[in-house]
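Okay, so here's the structure we're looking at.
Only the coordinates and a few stated rules stand behind these numbers; no lab work does. Small disclaimer: the values here were computed from a predicted structure and weren't measured. Every residue, glycine among them, receives a Cβ derived from its backbone with ideal geometry; neighbour counts consider all protein chains shown.
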Amino acid sequence: MKDSRIEDNCASTLDITFGDFLVFSDWMSQTHKILALAEPLPPAPNLASAKVRGWVQAIHQLEARARQAERQALLTETNALARESQLGQLLARLYMHMAALYEHLGQPQKAAEFRHKSRTFQYN
């Protein structure tokens, strides 16, 4: 006994016209070239098939998500670099304070070590 869902699925797949498939194929060829240049996708072609329109829409959504992810990654990297710089400045200040403390305690050797450590963070 055949499952009617399988028949419905096959029938809906066959609802795509050859003309729509050719238009979609041409659009995909253009899209491939444009993506290689990192430019926005071409506008969706005028298609009669809702299924093929859905494919185009899905590709547009994937491309939009990829661009958003790239922007978010760049923002995250920028924030990480800023935090790294801020951390370096804070560590340099901490080491300078520690050097002053050791100097005050009469341990110039230890103070010199911490002054040297603070300079390594000041130049990064």
Would you confirm whether any residue within the range 37-45 is assigned to a helix (DSSP H, G or I) and farther than 30 Å from ARG119 by Cβ? no
Among (1) surrounded by 10 or more Cβ atoms within 10 Å (Cβ to Cβ); (2) not in a helix (DSSP H, G or I); (3) not aromatic (Phe, Trp, Tyr), VAL52 falls short only on (2)
